[in-house]
Amino acid sequence: MYKQCSKCLYDTNHPFGLSIYHNECSGCSTHLEKYSINWNQKEEELRSIVKEVKKKSRTYDCIVPVIGDAEDYYVLLKTIELGLNPLVICVNDYFKNDIGWHNLHQLITYFDVDSIVFNPDIRVYKDLVRTSLRKYEHILLPFLTLHTSFPIHIAKDRKIPLIIWGQHQAIEQVGKFSHHDKVQMSAWSRKEHDLFGIDTNTLIGNGAQVQERDLNYYQYPSISKLESSGIKGIYLSNYMKWDPLKQNTQMIKFGFMPQHNTSSFDIYERAGSSVYYQFHDLLKYKRVGYRKIRDHLVREIRHGRITKIEAQQLEIQYNNSQVDVHQFFHWLDMSKSGIEWFILHKLQGFENLLGDHQMTNIELPKKLDSLCKGGKNQKNDFIIFGKGI
Ligand SMILES: [Zn+2]
């Protein structure tokens, strides 16, 4: 039965699945754990994992998979503070703008870490984006598929015992598990939460000819191989009191550059992407019925920086923010008539959101406003390779 949470903006249609008891959603009730958990004890648990890893590792202690946004800075900072020697891995999604490449480069040089940037075969990658757009109205699935499997292959091949992720999205958003469950990375969780229940073989099996090297990387290593290699993947948000916006503002001092966008006040999450707050956000709206702004507003309601009523008003305003789709279609090498066809048939009812009208005069509550200042504007979108990386 359809229900809405009385505290936040989510309802039972949330794509991760959400339950509501006594008018409060599982996301809001799991969030409350953050105020009762003994975080010192959690840190001890984390330190004992580190100790075990240190015994096993021969080269790198762990892998930190990154995109290059503010949360990656935070995770890498914590990893180094824990005394771990990380290998940073980034899968090129070919959607970065100049800010995105700056942030990735700065992350690697500032923290002085070894890194691998994996550039998938771009012709195949674009084919998969095309298939994913057609079948699932999603353009990030090929990237998310690689981002959540390529690092695991490297861990297996190089015998690196630990993979460190930042937040577990399904815990943060809908409280799917308790922090106490200490959920770890798994093939099931990847498919269910990172890939929205979609089996990536349905992308690959549909016309795109994927070379053997890449094919392997698009698929998650088999459970038996992982178990025998003893690789663990943990989420730091289970061991530390997670407050993304507050954490992310602190990353500017390490050279992280926040990016202004017109679809949200959050200038840190996925800063540096040419599509995240543009076409991707529009497709999310069409697919699940709300835009990224709702996730950000819910997070801020829970952290007490905005009231539900203020959030509802802001969501209405941000929902009108227009997005550019043409640059993406050019990136995809779509013809003019193809673009027109797509807009006419697939973006019906969303025509008013296509364009470059900038939202102005959006006023944020003070507590929130003070954390969202200083976003820069990108100069160039869709830079497929970063210089010097
Ligand atoms: Zn709620």
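Among (1) open to solvent by 60 Å² or more (accessible area, probe 1.4 Å); (2) within 27 Å of K246 (Cβ to Cβ), which single condition is E340 missing? With respect to (1) open to solvent by 60 Å² or more (accessible area, probe 1.4 Å); (2) within 27 Å of K246 (Cβ to Cβ), E340 is out only on (2). Any residue that is open to solvent by 20 Å² or more (accessible area, probe 1.4 Å) and either closer than 20 Å to I384 by Cα or over 19 Å from the mean Cα position of the chain (by Cα) (or both) - is there at least one of those in the stretch 132-143? Checked the stretch 132-143: at least one residue is open to solvent by 20 Å² or more (accessible area, probe 1.4 Å) and either closer than 20 Å to I384 by Cα or over 19 Å from the mean Cα position of the chain (by Cα) (or both). In summary, I80 fulfils each of the numbered conditions (1) closer than 18 Å to L236 by Cβ; (2) among the aliphatic types (A, V, I, L, M); (3) surrounded by 21 or more Cβ atoms within 10 Å (Cβ to Cβ); (4) out of contact with any helix residue (DSSP H, G or I) (no Cβ under 8 Å at 6 or more places or on another chain) with the single exception of condition (3). Pairing each residue of the stretch 51-73 that is without any contact (Cβ under 8 Å) to a residue 60 or more places away in the chain with any residue that is buried (at least 21 other Cβ atoms within 10 Å of the Cβ) and aromatic (F, W, Y), provided the two are 6+ apart or on different chains, yields C-beta distances under 9 Å for V66/Y73. One residue stands out in the stretch 20-65 among those that are aliphatic (A, V, I, L, M) and assigned to a helix (DSSP H, G or I): the one that is farthest from the ligand (Cβ to nearest atom), namely V53.
The residue pairs whose first member lies in the stretch 199-214 and is β-branched (V, I, T), whose second member is open to solvent by 70 Å² or more (accessible area, probe 1.4 Å) and at pLDDT 75 or above, and whose beta carbons are closer than 8 Å, counting only pairs six or more residues apart or on different chains, are T202/K135. The set of residues from the stretch 152-199 being of a type in the set (A, V, I, L, M, F, W, C), outside any loop (DSSP other than H, G, I, E, B) and either on the phi > 0 side of the Ramachandran plot or in contact with a Gly (Cβ under 9 Å, 6 or more places away or on another chain) (or both) comprises I152, A155, L162, I163, I164, W165, A170, I171, V174. Condition test on Y220, is it at pLDDT 90 or above and of a type outside the set (S, T, N, Q)? Against the criterion (at pLDDT 90 or above and of a type outside the set (S, T, N, Q)), Y220 does not qualify.
To keep it simple, each residue is scored yes or no on (1) within 16 Å of the ligand (Cβ to nearest atom); (2) surrounded by fewer than 22 Cβ atoms within 10 Å (Cβ to Cβ).
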{"residue": "Q250", "(1), (2)": "no, yes"}
{"residue": "G255", "(1), (2)": "no, yes"}
{"residue": "H260", "(1), (2)": "no, yes"}
{"residue": "S264", "(1), (2)": "no, no"}
{"residue": "A271", "(1), (2)": "no, no"}
{"residue": "V275", "(1), (2)": "no, no"}
{"residue": "Q278", "(1), (2)": "no, no"}
{"residue": "H296", "(1), (2)": "yes, no"}
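Return the residues of the stretch 215-236 that are of a type outside the set (G, A, S) and more than 26 Å from K42 (Cβ to Cβ); say none if nothing qualifies. Result: L215, N216, Y217, Y218, Q219, Y220, P221, I223, K225. On the given criteria, is K308 within 22 Å of Y125 (Cα to Cα) and open to solvent by 50 Å² or more (accessible area, probe 1.4 Å)? Here the answer is no, as K308 does not meet what is asked.
Inclusion of V75 among residues that are β-branched (V, I, T), more than 25 Å from the chain's Cα centre (by Cα) and assigned to a helix (DSSP H, G or I) is not warranted.
Residues checked against (1) among the aliphatic types (A, V, I, L, M); (2) at pLDDT 95 or above; (3) open to solvent by less than 60 Å² (accessible area, probe 1.4 Å):
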| residue | (1), (2), (3) |
| --- | --- |
| E24 | no, yes, yes |
| G27 | no, yes, yes |
| I49 | yes, yes, yes |
| T59 | no, no, no |
| D69 | no, yes, yes |
| V91 | yes, yes, yes |
| G100 | no, yes, yes |
| N103 | no, yes, yes |
| F118 | no, yes, yes |
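A quick yes/no check of all residues on (1) modelled with pLDDT under 95; (2) in a helix (DSSP H, G or I); (3) not assigned by TED's automatic domain parsing to the domain that holds E137:
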{"site": "I293", "(1), (2), (3)": "no, yes, yes"}
{"site": "I306", "(1), (2), (3)": "no, no, yes"}
{"site": "I309", "(1), (2), (3)": "no, yes, yes"}
{"site": "F328", "(1), (2), (3)": "no, yes, yes"}
{"site": "H345", "(1), (2), (3)": "no, yes, yes"}
{"site": "T360", "(1), (2), (3)": "yes, no, yes"}
{"site": "I384", "(1), (2), (3)": "yes, no, yes"}
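Restricting attention to the stretch 1-19, the residues that are open to solvent by 80 Å² or more (accessible area, probe 1.4 Å) and more than 11 Å from the ligand (Cβ to nearest atom) total 3.
Pairs meeting the criteria (first residue in the stretch 1-16 and more than 17 Å from I171 (Cα to Cα) and part of a loop (DSSP other than H, G, I, E, B), second residue more than 10 Å from the ligand (Cβ to nearest atom) and open to solvent by less than 80 Å² (accessible area, probe 1.4 Å), beta carbons under 7 Å, at least 6 apart or on different chains) are Y2/T12; K3/T12. Checked against the criterion of being more than 27 Å from A70 (Cα to Cα), outside any helix (DSSP H, G or I) and either within 16 Å of the ligand (Cβ to nearest atom) or over 21 Å from the mean Cα position of the chain (by Cα) (or both), the candidates D333, D356 yield just one match: D333.
The values are calculated or read from the model by the stated rules, or taken from the named source; none is laboratory data. Just so it is clear, the model here is predicted, and its values are computed rather than measured. FYI the Cβ positions are ideal-geometry reconstructions off the backbone, even for glycines, and counts take in every protein chain you see. Only protein heavy atoms, including side chains, enter the accessible area calculation; ligands, DNA and RNA are left aside. Shrake-Rupley method; radii C 1.70, N 1.55, O 1.52, S 1.80 Å.
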